[in-house]
Amino acid sequence: MTGKGAQFISFEGGEGAGKSTQIKRLAARLRAHGQEVVTAREPGGTPDAEALRSLVLGGAPGRWSPREEMLLMYAARAQLVRTVIRPALERGAWVLCDRFADSTLVYQGLAGGVPVADVRALHRLVLGDFNPGLTFILDLEPDQGMQRVHSRAEALNQFEQRDTQFYEKAREAYLRLAREEPERCVVIDAARPPDAVEAQIVDAIQARTGVQL
Ligand code: TYD
């Protein structure tokens, strides 16, 4: 993998898989190597996108239909890409994103019931072929992930209150995506300790970009 796409990395997976921990670690490692790093979470990452995040994640489950959720996610994403991600990549920074378009494909599409062709069509309309160069899928048994989420102090958002079947579907959907796009997606066993997960992430980046970290 060469070029700027290599520096745009997304982290995907179920709740409680440890994405934010790994993003912090990787950001620190890249910065220690003199690299500029921009991190963002989705939905969110700009003040307006954070406002959309509260709208879409707040309230009771079922407040928005999956199709409405998809539209809100893409409104937030479009602004994040235009004002934060593209400018960062253009000046040579790395961008580490906690979730990106695969989350919509999985949560609203494959697990939520919006036809995948519709999600992909909206992506093309809004972002063309803009996508991360590398995506880490932190894979974890949904039960284990939910245990980690429940042990956090924060109140659960509406996505964290769904039934196990939804999370099982989402997990399968991520694994299917990874099989379909093996050159972009790296599946990581997130049940292992954070150091082991981090080592696999670093190896994958070194192998794909040639950058020594
Ligand atoms: P968050 O608390 O950040 O969860 P996590 O720590 O698991 O990332 O909440 C984000 C939620 O939004 C998460 O449950 C997944 C969901 N989501 C979608 O359904 N579609 C999307 O496009 C995105 C970006 C997130």
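The values are calculated or read from the model by the stated rules, or taken from the named source; none is laboratory data. Everything numeric in this text was worked out from a predicted model, so none of it was measured. FYI the Cβ positions are ideal-geometry reconstructions off the backbone, even for glycines, and counts take in every protein chain you see.
Just to verify a result, which residue in the range 5-23, among those that are at pLDDT below 95 and more than 24 Å from residue 143 (Cβ to Cβ), is surrounded by the most Cβ atoms within 10 Å (Cβ to Cβ)?
7
Yes or no, residue by residue, for (1) at pLDDT below 95; (2) among the acidic types (Asp, Glu):
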residue	(1), (2)
168	yes, yes
173	no, no
177	no, no
184	no, no
195	no, yes
199	no, no
202	no, no
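Which numbered condition trips up residue 26, out of (1) out of contact with any Phe, Trp or Tyr (no Cβ under 9 Å at 6 or more places or on another chain); (2) over 18 Å from residue 155 (Cα atoms)?
In the conditions (1) out of contact with any Phe, Trp or Tyr (no Cβ under 9 Å at 6 or more places or on another chain); (2) over 18 Å from residue 155 (Cα atoms), residue 26 misses (1) alone.
What are the residue pairs meeting all of these: first residue in the range 150-161, first residue within 23 Å of residue 106 (Cα to Cα) and at pLDDT below 80, second residue more than 10 Å from the ligand (Cβ to nearest atom) and part of a loop (DSSP other than H, G, I, E, B), Cβ atoms under 6 Å, and 6 or more apart or on different chains?
As it stands, the answer is 158/61; 161/61, since those pairs meet every condition given.
Return the residue satisfying two criteria in turn: it lies in the range 91-103 and is in a helix (DSSP H, G or I) and touching an Asp or Glu at 6+ places or on another chain (Cβ under 8 Å), and of such residues it is nearest to the ligand (Cβ to nearest atom).
It comes out as 103.
Hey, among 68, 90, 50, which residue is of a type in the set (Asp, Glu) and either within 24 Å of residue 18 (Cα to Cα) or in contact with a helix residue (DSSP H, G or I) (Cβ under 6 Å, 6 or more places away or on another chain) (or both)?
It is 50.
For the range 138-167, enumerate the residues that are of a type in the set (A, V, I, L, M, F, W, C) and farther than 24 Å from residue 187 by Cβ.
Selection gives 153, 155, 156.
Of all residues in the range 51-83 being of a type in the set (A, V, I, L, M) and touching a Ser or Thr at 6+ places or on another chain (Cβ under 6 Å), which is nearest to the ligand (Cβ to nearest atom)?
73
Is there a residue in the range 188-206 that is assigned to a strand (DSSP E or B) and away from the ligand (no atom under 12 Å from the Cβ)?
Yes: the range 188-206 contains one or more residues that are assigned to a strand (DSSP E or B) and away from the ligand (no atom under 12 Å from the Cβ).
Step by step: first the residues of the range 26-50, then only those that are away from the ligand (no atom under 16 Å from the Cβ) and basic (Lys, Arg), then the one that is surrounded by the fewest Cβ atoms within 10 Å (Cβ to Cβ). Which residue is that?
The extreme case among them is 31.
Starting from the range 115-139, take each residue that is farther than 15 Å from residue 75 by Cβ and list its partners that are polar (S, T, N, Q) and at pLDDT 95 or above, counting only C-beta distances under 9 angstrom and pairs at least six apart or across chains.
Matching pairs, first to second residue: 131/10; 132/10; 134/10; 135/10; 136/10; 136/22; 136/200; 138/22.
How many residues, within the range 156-184, are surrounded by fewer than 18 Cβ atoms within 10 Å (Cβ to Cβ) and of a type in the set (Gly, Ala, Ser)?
So the count comes out to 0.
Sort out which residues of the range 29-65 are part of a strand (DSSP E or B) and out of contact with any Phe, Trp or Tyr (no Cβ under 8 Å at 6 or more places or on another chain), and write them in order of number.
Those that are part of a strand (DSSP E or B) and out of contact with any Phe, Trp or Tyr (no Cβ under 8 Å at 6 or more places or on another chain): 39, 40, 41.
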